[in-house]
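**Q** After the structure tokens below, expect a handful of questions from me.
The values are calculated or read from the model by the stated rules, or taken from the named source; none is laboratory data. Note that this is a predicted model, so its numbers are computed, not measured. Note that we place each Cβ from the backbone using ideal geometry, even for glycine, and neighbour counts take in every protein chain shown. Heads up: the accessible areas ignore ligands, DNA and RNA and are worked out on the full protein's heavy atoms, side chains in. Shrake-Rupley method; radii C 1.70, N 1.55, O 1.52, S 1.80 Å.
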Amino acid sequence: VPDDLLLGLKFIFGPSAVPALDLVDQRSVTRVVSPSGRTAYQVLGSSGKLYTCFSSCHFCTCPAFGFTVLQKSESLLCKHILAVYLSRAMGACQELTVSEEQLTSILLAEEEDEG
């Protein structure tokens, strides 16, 4: 990433920019697609935990998103969502095709973690 673009990313997205680029470099973003075309993204976080992100509605299951984005409105997004956007723009997403049932399980597993 050129220096001027990196500076722009840091200016707009603050402290999320560099960790998000690290996730992209590590190829931590996977686009999960079902036969019906439903899509979600899974991002392997720096802690080793897998988070599910939805770019269509700008949501991530990580605690940082819930706290800094939703509760405190201190940030536009978390590093995982930014990593999804950057990896899509850079063509660096891994692809995983799953059945409708598998995608449903991925989505339900996130709900169980929260509950």
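**Q** Using a probe radius of 1.4 Å on heavy atoms only, what accessible surface per residue do you get for the chain? Whole Å² is fine.
**A** Averaged over the residues of the chain, the accessible area is 59 Å².
**Q** Quick check on the chain: helices-only [θ] at 222 nm, where DSSP H runs of length 4 and up contribute -39,500 (n - 2.57) each and the sum goes over total residues. Nearest 500, please. Display every interim value, and only then the final one.
**A** Details: 4 runs with 47 residues, N = 115.
That calculation yields -12500 deg cm²/dmol at 222 nm.
**Q** While we're looking at this one, here's another question. Ignoring any ligand, DNA or RNA, what whole percent of the accessible area of the stretch 3-107 comes from carbon and sulfur when the probe is 1.4 angstrom?
**A** 59 percent
**Q** A follow-up question, please. Return the percentage of antiparallel bridges among DSSP beta bridges fully within the stretch 3-107, rounded to the nearest 5 %.
**A** Antiparallel bridges: around 75 percent, rounded to the nearest 5.
**Q** Defining a contact as two alpha carbons under 8 Å apart and six or more residues distant in sequence, what relative contact order in percent does the chain show?
**A** Worked out over the chain, it gives 30 percent.
**Q** Give, as a single signed number, the net charge of other residues whose beta carbon lies under 14 Å from the beta carbon of Gly14, with Lys and Arg counted +1 and Asp and Glu -1.
**A** With Lys, Arg at +1 and Asp, Glu at -1, the neighbours total +2.
**Q** Report the FRET efficiency, 1/(1 + (r/R0)^6), for Lys72 and Asp4, where r is their Cβ-Cβ distance and R0 is 25 Å, rounded to 0.05.
**A** It comes out at approximately 0.25.
**Q** Kirkwood Rh, Cα Rg: Rg to Rh for the chain?
**A** 0.97
**Q** Largest first, how would Val1, Val33 line up by accessible area (1.4 Å probe)?
**A** Listed by decreasing accessible area, they come as Val1, Val33.
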